[in-house]
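Values quoted throughout were computed directly from the atomic coordinates according to the rules given, and no laboratory measurement underlies them. Everything numeric here is computed off the predicted structure, so don't read it as measured data. Using ideal geometry, Cβ is built from the backbone for each residue, glycine included, and neighbour counts are taken over all protein chains shown.
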Amino acid sequence: MRLLLIDDHPLIHLAMRALLSDFEPAVSLTPAADAATAHRLLASEPVFDLVLLSLQLGDEDGFALLETLRQGHPALPIAVMSAGNSMAEVIRAIDQGAMAFIPKTSDPAQMKEALELVVAGGIYIPAMRMGGESPPPPPGVQSPTALPAVAPPPAPRDLESLPITARQHEVLRGLLMGKPNKVIASELKISADTVKDHVQAIFRALGVNSRTQAVLAVSQMGR
């Protein structure tokens with residue numbers, strides 16, 4: 001497996017080489033310290049199987065690079081690493097097409113688990129609280145009458161149990177890789193409108209309203 005590691009710290013390059021020394025399949029790691037080098041390597045080197053991108057790249061914007069890479073290489077799996085671990089960062093990364101969000105505080109086993117999942121076509125998001133209680137009202141403002149809690153429908157335990165067709169499973173795989181509808185349509189040899197209809201059916205099956213919510217929902221299956 002050819003992996004492009006985009007990070008401006010040489011120690012991270014060394015640490016990742018050591019971490020992946022016994023990875024299966026065997027990894028050929030190519031480092032890039034900045035966006036310009038990454039673009040040059042992607043244009044000149046043989047096809048990479050995976051990009052591992054640090055969102056902290058000195059003076060460069062890792063999110064901007066993620067967006068550029070996703071637009072220029074829509075079929076290339078991209079995992080991101082970050083020194084942060086906020087829900088806002090996770091959602092932004094997934095919304096821009098990342099297939100994994102890996103905190104740099106992850107232990108080696110978690111890091112390898114995340115990369116193995118991405119290589120297998122899955123997505124990885126660190127376990128975290130997905131929501132929270134509403135803040136209390138300001139002083140002097142009465143709380144609204146609480147509505148009775150309504151239990152949501154049971155979530156599917158895995159992708160195979162989703163009530164969607166085989167074709168919609170194919171569309172979902174493309175969606176999870178951050179591919180635009182037009183790219184999915186071209187690969188599956190169907191119209192973009194048909195892909196749009198399939199995406200809406202997938203959203204209904206997952207109980208979500210957006211691509212990002214779909215990715216987050218799938219990432220939590222089995223947890």
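Restricting the GluC sites (Glu not before Pro) of the stretch 1-106 to loop positions (DSSP other than H, G, I, E, B) with no more than 10 neighbouring Cβ atoms within 10 Å leaves nothing. Think of the stretch 159-219 as having a plus end and a minus end, set by charges on the Cβ of Lys, Arg, Asp and Glu; of Ile190, Leu162, Val218, Ile190 sits farthest toward the positive end of this dipole.
If you plug the beta carbon distance of Ala26 and Asp107 into 1/(1 + (r/R0)^6) with R0 = 30 Å, you get a FRET efficiency near 0.85. Taking 0.36 nm per residue of separation and subtracting the Cα-Cα distance, full extension of the segment from Ser86 to Ala120 would add 9.7 nm. Contact order for the stretch 159-219, expressed relative to its length and based on alpha carbon pairs under 8 Å spaced 6+ residues apart, stands at 35 percent. Label separation (Arg167 vs Arg40): 4.6 nm, computed from points 7 Å beyond Cα along the C-beta direction.
Amide H to amide H, with H built 1.01 Å from N, Ser28 comes under 5 Å of Arg2, Leu3, counting only residues 5 or more places away or on other chains. According to the Cα-based calculation, Rg over Rh for the stretch 159-219 is 0.92, with Rh computed by the Kirkwood formula.
Both radii were evaluated on the Cα set of the stretch 2-119; the Rg over Rh quotient, with Rh as the Kirkwood radius, amounts to 0.92. For Asp197 and Ala64, the FRET efficiency from 1/(1 + (r/R0)^6), where r spans their Cβ atoms and R0 equals 30 Å, is about 0.40. Dipole check for the stretch 2-119: with +1 at the C-beta of Lys and Arg, -1 at the C-beta of Asp and Glu, and the Cα centre as origin, the magnitude is about 140 Debye. Determine which lysines satisfy two conditions relative to Lys182: a Cα distance under 18 Å, and not lying fewer than 8 residues away in the same chain. Straight-distance partners of Lys182: Lys196.
Each label was represented as a point 7 Å from its Cα along the Cα-to-Cβ direction; for Arg204 and Leu188 these points are 1.5 nm apart. The stretch 17-94 and the stretch 180-199 have Cα centres lying 26 Å from one another. Between Leu19 and Gln220, the contour length at 0.36 nm per residue exceeds the Cα-Cα span by 69.8 nm. Remark on Ala100: its backbone amide H falls under 5 Å from those of Val80, Tyr124, a criterion applied only to residues 5 or more positions apart or on other chains, H modelled at 1.01 Å from N.
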